[in-house]
1. Which ones in the stretch 297-309 are in contact (Cβ under 8 Å) with a residue 60 or more places away in the chain and over 12 Å from Ile586 (Cβ atoms)?
2. Answer yes if at least one residue in the stretch 537-544 is touching a residue at least 12 places away in the same chain (Cβ under 8 Å) and outside any helix (DSSP H, G or I), and no otherwise.
3. Return only the number of the condition from (1) under 19 Å from Gln177 (Cα atoms); (2) in contact (Cβ under 8 Å) with a residue 60 or more places away in the chain; (3) not in a helix (DSSP H, G or I) that Ser143 does not satisfy.
4. Considering only the stretch 96-112, state which residues are under 14 Å from Tyr183 (Cα atoms) and over 23 Å from the mean Cα position of the chain (by Cα).
5. So which of Gln94, Gln116, Gln129 ends up being in contact (Cβ under 8 Å) with a residue 12 or more places away in the chain, out of contact with any helix residue (DSSP H, G or I) (no Cβ under 7 Å at 6 or more places or on another chain), surrounded by fewer than 19 Cβ atoms within 10 Å (Cβ to Cβ) and assigned by TED's automatic domain parsing to the domain that holds Lys23?
6. Specify the residue that is nearest to Gly126 (Cα to Cα); the eligible residues are those in the stretch 210-238 that are surrounded by 14 or more Cβ atoms within 10 Å (Cβ to Cβ) and charged (D, E, K, R).
7. Quick one: Phe144 ticks every box in (1) farther than 18 Å from Ile4 by Cα; (2) modelled with pLDDT of 95 or more; (3) within 24 Å of the chain's Cα centre (by Cα) bar one, so which box is it?
8. Any idea which of (1) surrounded by 17 or more Cβ atoms within 10 Å (Cβ to Cβ); (2) part of a helix (DSSP H, G or I) is the one Lys459 doesn't satisfy?
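The values are calculated or read from the model by the stated rules, or taken from the named source; none is laboratory data. Every value quoted in this text rests on a predicted model; they were computed, and no experiment measured them. Here the Cβ positions follow ideal geometry from the backbone for every residue, glycine too, while neighbour counts run over all protein chains shown.
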Amino acid sequence: MITIIIPVRNQKEYLEKCLESIKKNTPPDKYEIFLIDNGSDKLTNEFIRNSGHRYIACPENLGFGRAINLAIKRCSGDIILMNSDVEVTPNWLQELIKYDNAIVGAVGKYPTGQIQHAGAFLNAYGNGQHYQQVPDGEIEYVSFFCAYIPRKIISDIGLLNELYYPAYYEDSSMCYQARQKGYKILVSSNCVVLHHEGMGKKEHHLDIEQLNLINRQKFFREWEELDYTQDKPIKIAFAGRTAGELSYPIILRTLALGLNNDPEIDCAVYPEETIHRQWHHTFEFKKLLQKKFDPNRICIRYSEAKYAYLAYKRDILYSTLETDRWPKEWVYQANMFKRCWTTSNFVKGIMEKSGIKVPIDVIPHGVDKKIWYPRPNTSKKFTFFSDSMYGNRKMVNDMLKAFCDEFKPTEPVRFLLNSPNIEDRLREIGIPNAAKYLEKFGNNRPEIVISPDWKLMSKMPELYQEAHVYIGVSSEGFGLGNLQAMFMKIPTIGANWGGITDYSNDKNSLQVKGKLVPAYQPWLYEHYVVSNWYKPDYYDLRAKMRYAYENYNEMKKLAEQAFADNANKYLWEKIIPAAKESIKKI
């Protein structure tokens with residue numbers, strides 16, 4: 001029998017909805033309810049006394065942790081902590097309790113349907129931030145508005161820490177304690193509840209900002225000695241951007257975690273950011289950030305070479321650039337390091353021609369075969385797809401213009417563009433939104449769909465599944481999008497210049513002719529001012545798109561060849577050992 005513990009402070013109408021939803025959506029033999037009346041008004045108190053459930057009537061408000069602990073001491077089984085302003089949904093209980101040896105949180109949604117909580121983490125300032133999408137794997141902590149805690153965990157680590165009276169950080173603290181004992185902290189993606197967040201705060205008359213300040217100090221004093229440093233012979237640290245779903249931080253996180261899993265390597269991460277974006281990492285990665293600073297670690301500075309000087313030690317610079325030469329300042333910075341890493345043999349050649357003298361190792365971007373594998377196409381209409389940030393280098397305008405000029409509105413074809421930054425970039429040049437931007441291509445045009453939202457890497461294959469042909473015709477240091485499409489056996493149209501040529505050729509892809517033009521990116525002007533980059537030939541791009549549309553069976557043969565050429569080559573399990581061998585040379 002599971003005990004659902006619900007602390008209550010007034011708000012009878014929300015409590016009624018909470019209890020009714022539990023009754024409606026939960027097998028009656030699976031649970032009992034234990035209500036803690038935290039000094040409620042007369043109306044709520046009478047409702048609790050007549051509810052038929054177990055209860056404790058406290059003459060005053062004991063706060064969250066103390067009230068919960070009263071109930072925990074009076075029950076013997078597993079427990080679920082629940083706020084009185086929660087409404088559960090069908091199958092919630094079986095989905096919440098299906099994990100062993102873990103504290104498990106629910107996905108909380110606002111009444112509008114927007115996700116309010118899918119797990120949480122503490123940012124660099126110690127403030128709690130909620131994930132807006134369910135992250136992969138273990139997380140830092142779950143909020144106790146609806147959380148399952150097995151009795152064996154309570155027996156092992158004890159009750160909630162009443163140091164955090166009246167509220168805040170007791171959930172973080174208990175999750176940290178459980179993790180120290182070897183338990184996991186998870187979110188059940190299929191346990192979804194409605195959470196009228198903030199109702200209890202109003203009744204408790206809490207100064208939220210002040211409480212956060214006070215209890216944040218308590219929390220960091222409690223855990224200030226926490227250090228996940230491991231006793232291994234090779235100690236390294238990445239210094240760079242860790243946040244978000246751009247390729248830079250994704251590659252850093254993947255390499256750092258992979259190297260840290262090596263029995264000889266203890267890897268730390270020293271991030272550039274002060275505030276971490278939401279949903280950007282699991283707690284497995286957060287532990288790499290929670291290692292004491294050690295200036296003797298081998299430093300891998302992962303950034304544009306212009307900012308290489310931010311490395312605490314000049315051991316390895318991992319960098320790339322998408323142009324035909326590196327600026328002198330970049331070359332100067334790179335030559336200050338013992339070694340350089342870059343993403344492709346193509347870029348390595350440009351680095352050497354530009355004057356970089358230190359050894360250069362190619363550490364390409366990898367593909368996770370657990371995510372990127374052949375899947376059935378889900379689009380009813382022939383779809384060209386491109387996963388491209390909006391900017392001069394990505395040639396989004398060129399692709400869409402070629403598409404609109406080549407195809408008639410009556411042809412059953414569309415262009416799907418995933419561009420998470422497009423709305424921000426368009427506003428910078430005076431265009432209010434993507435819909436207004438598409439007007440430049442005329443009203444009598446074939447279908448164009450723009451997806452402007454950030455997505456977890458693990459969710460991206462769902463977009464790729466809509467593609468009959470992937471298009472990436474920009475100047476790239478590597479070109480991960482084209483390679484990911486190849487791993488899914490999606491035919492590709494790519495550039496005939498740049499890092500992409502390490503794995504793409506005229507035997508496994510359609511290569512678009514192009515020319516080098518002066519590079520210009522307004523917000524990164526200094527990076528490119530002395531260089532040129534690739535621009536696709538407009539007519540050849542149109543021709544390649546038409547060919548792909550009319551000769552899809554031939555395109556699928558190219559995709560099969562691309563898969564055969566690359567599927568066993570660009571895997572993290574092969575790239576990480578290569579990185580380790582380079583590190584051992586320092």
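1. Those that are in contact (Cβ under 8 Å) with a residue 60 or more places away in the chain and over 12 Å from Ile586 (Cβ atoms): Arg301, Tyr302, Ser303, Glu304, Lys306.
2. yes
3. Here Ser143 meets the rest and fails (2).
4. Correct list: Asp100, Asn101.
5. Working: Gln94 fails: in contact (Cβ under 8 Å) with a residue 12 or more places away in the chain; Gln116 fails: surrounded by fewer than 19 Cβ atoms within 10 Å (Cβ to Cβ).
Of the residues listed, the single one that is in contact (Cβ under 8 Å) with a residue 12 or more places away in the chain, out of contact with any helix residue (DSSP H, G or I) (no Cβ under 7 Å at 6 or more places or on another chain), surrounded by fewer than 19 Cβ atoms within 10 Å (Cβ to Cβ) and assigned by TED's automatic domain parsing to the domain that holds Lys23 is Gln129.
6. Ranking the candidates gives Arg216 first.
7. The one condition Phe144 does not meet is (1).
8. Of everything listed in (1) surrounded by 17 or more Cβ atoms within 10 Å (Cβ to Cβ); (2) part of a helix (DSSP H, G or I), Lys459 misses just condition (1).
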